[in-house]
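Comments concern the structure below.
The values are calculated or read from the model by the stated rules, or taken from the named source; none is laboratory data. On a predicted model such as this, the values are computed, not experimentally measured, just so you know. So basically every Cβ, Gly included, is an ideal-geometry build from the backbone, and we count neighbours across all protein chains shown.
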């Protein structure tokens, strides 16, 4: 009986063992290390296009990553480690370069729009002033072309201050207009210097320099800061992409446990990886990039606010397009107050010497309505009081019917119509988006990058297959078995890389953006010699001034000292041709490169030398008649 009972117990035990083995073998996710199961693992890897040469036999030791029950030896694990590194490094580089390209493309579009806006403004300015002021404008066009060039230089390099640019422009314009209005006099260099010293107190242009200075400064500072921020942001992200040190050994091992170890341990098909395990792993792998997170969000906020300013009170389009009207208003203010300004200058500086050749000319107004012929090959300008045309030996003459600086309503209306036409073309044309549309697109793209560095691990896990949902925690792969994942904090400090210096670059441009948002005259001069993107250089640095502009537009410009012209000189210097835009020039995004600004030495020489020769010729004529 006892022997029979023992046999029954043995049979029952064997049956239970068989049932358990059969049950476990029917479960898809089963841990084994038998030869047949490792063959199944090898077949599974082959189906996934993975050459599983390292599948071991049961008696061969496993690798160090997936554990002792793994079917994968160290050679195969090394292959998985390399694939994991490539996977992480490729994702980081691709994601960062994608963002860099977005910012770079928007910066280029914004730059092209601004340069085309300046080209159109220069053309309109030239046409209006040539039509309104004729030869006097053509003779002095360098004053205005140099002014536009200085504005473009500020946008391109930031090395000059807008307040200084405006002071120099209105100072030179003041001198030129004073000499033209008082053309019946001859002015010495010392006298012109005295004239220049009285400019601030006289205020010949009214309040136009101050108003235009405030508008130009705020709009140009915000425009340059906005463009520079896009360029710097794109460059920072690109540098981070190439400076990323890559997945270290621990990152690669954790990635291998996440993607391959379940299969190596015989789980076929492998269970989904726990979402928390994936995110924890990728956060560790991308720990080097964490230093950019805080400053990047500040960068996004600052750029967004400056974009709002450009859509509102600092709109560069609303300042650049009507600049011809505003400067013309300043010229007319001077013309209206010309007699009073001249008299006050004469009181302070003394009565100038009368030009004997033009002694019958009393004032500028007396000459503006007369027919004047200016020969490009002649050294003199003759005024015929009998409305007869002056004679000239030149065949290339410019006949001017009126040079009066008056408030021409038709010209003003034409200017408004032109501005309206330009605005309609930039709004309705499919090839040229309006400034508002362009800035809104840039703002949205930049805002989409908020929390970019924080979201990178989540984006990686979302792009991976076989990652369990956040709610699935008990039946997912946690790196060693099926079950909940419990994270262990690691205080591993990432190795030093260039990425650790990039937050300072972002901090610098954020400071500039914040100052530009307040309307402050920011020093955005480029410092780096290299040109990372869009032929720009550096991130810019420097301090900024208070909100109120320093210059009022009346800062005197000290004239240069010129050599006195000998009385025996008979050949006048050839005046430089005015820089005139071509009539049929198509839209060009690159600004024209003009000659360097003419010095006051050259200005006085070109203007006064013909008058000296005219006076000398009249003197000789009087002597011959004796």
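Please verify whether region 62-70 includes one or more residues that are assigned to a loop (DSSP other than H, G, I, E, B), crowded, with 16+ Cβ neighbours inside 10 Å, at pLDDT 80 or above and touching a strand residue (DSSP E or B) at 6+ places or on another chain (Cβ under 9 Å). Looking for residues that are assigned to a loop (DSSP other than H, G, I, E, B), crowded, with 16+ Cβ neighbours inside 10 Å, at pLDDT 80 or above and touching a strand residue (DSSP E or B) at 6+ places or on another chain (Cβ under 9 Å), one finds at least one in region 62-70, hence yes. If I filter region 238-245 for residues that are touching a residue at least 24 places away in the same chain (Cβ under 8 Å), closer than 19 Å to residue 98 by Cβ and surrounded by 22 or more Cβ atoms within 10 Å (Cβ to Cβ), do I get at least one hit? Checking region 238-245: at least one residue is touching a residue at least 24 places away in the same chain (Cβ under 8 Å), closer than 19 Å to residue 98 by Cβ and surrounded by 22 or more Cβ atoms within 10 Å (Cβ to Cβ). Looking at the structure I just gave you, is residue 159 assigned to a helix (DSSP H, G or I), in contact with a helix residue (DSSP H, G or I) (Cβ under 8 Å, 6 or more places away or on another chain) and touching a residue at least 24 places away in the same chain (Cβ under 8 Å)? So residue 159 fails the test.
Summed over region 313-357, the residues that are at pLDDT below 85, surrounded by 20 or more Cβ atoms within 10 Å (Cβ to Cβ) and assigned to a helix (DSSP H, G or I) give a count of 1. Give the residue that is surrounded by the fewest Cβ atoms within 10 Å (Cβ to Cβ), with candidates limited to residues of region 484-527 that are under 26 Å from residue 163 (Cα atoms), out of contact with any helix residue (DSSP H, G or I) (no Cβ under 7 Å at 6 or more places or on another chain) and modelled with pLDDT under 75. Step by step, filter region 484-527, then rank; the result is 527.
Do we have residue 103 as surrounded by 20 or more Cβ atoms within 10 Å (Cβ to Cβ), assigned to a helix (DSSP H, G or I), modelled with pLDDT of 95 or more and in contact with a helix residue (DSSP H, G or I) (Cβ under 9 Å, 6 or more places away or on another chain) here? Spelling it out, residue 103 is indeed surrounded by 20 or more Cβ atoms within 10 Å (Cβ to Cβ), assigned to a helix (DSSP H, G or I), modelled with pLDDT of 95 or more and in contact with a helix residue (DSSP H, G or I) (Cβ under 9 Å, 6 or more places away or on another chain). Go through the residues of region 469-480 one by one and say whether even a single one is at pLDDT 90 or above, surrounded by 13 or more Cβ atoms within 10 Å (Cβ to Cβ), touching a strand residue (DSSP E or B) at 6+ places or on another chain (Cβ under 7 Å) and more than 18 Å from residue 237 (Cα to Cα). Looking for residues that are at pLDDT 90 or above, surrounded by 13 or more Cβ atoms within 10 Å (Cβ to Cβ), touching a strand residue (DSSP E or B) at 6+ places or on another chain (Cβ under 7 Å) and more than 18 Å from residue 237 (Cα to Cα), one finds at least one in region 469-480, hence yes. The residues listed here are 178, 125, 226, 170; of these, the one that is modelled with pLDDT of 90 or more, out of contact with any strand residue (DSSP E or B) (no Cβ under 9 Å at 6 or more places or on another chain) and closer than 30 Å to residue 354 by Cβ is 170.
The set of residues in region 244-268 being under 14 Å from residue 278 (Cβ atoms) and not in a loop (DSSP other than H, G, I, E, B) consists of 251, 254, 255, 256, 257, 258, 259, 261, 262.
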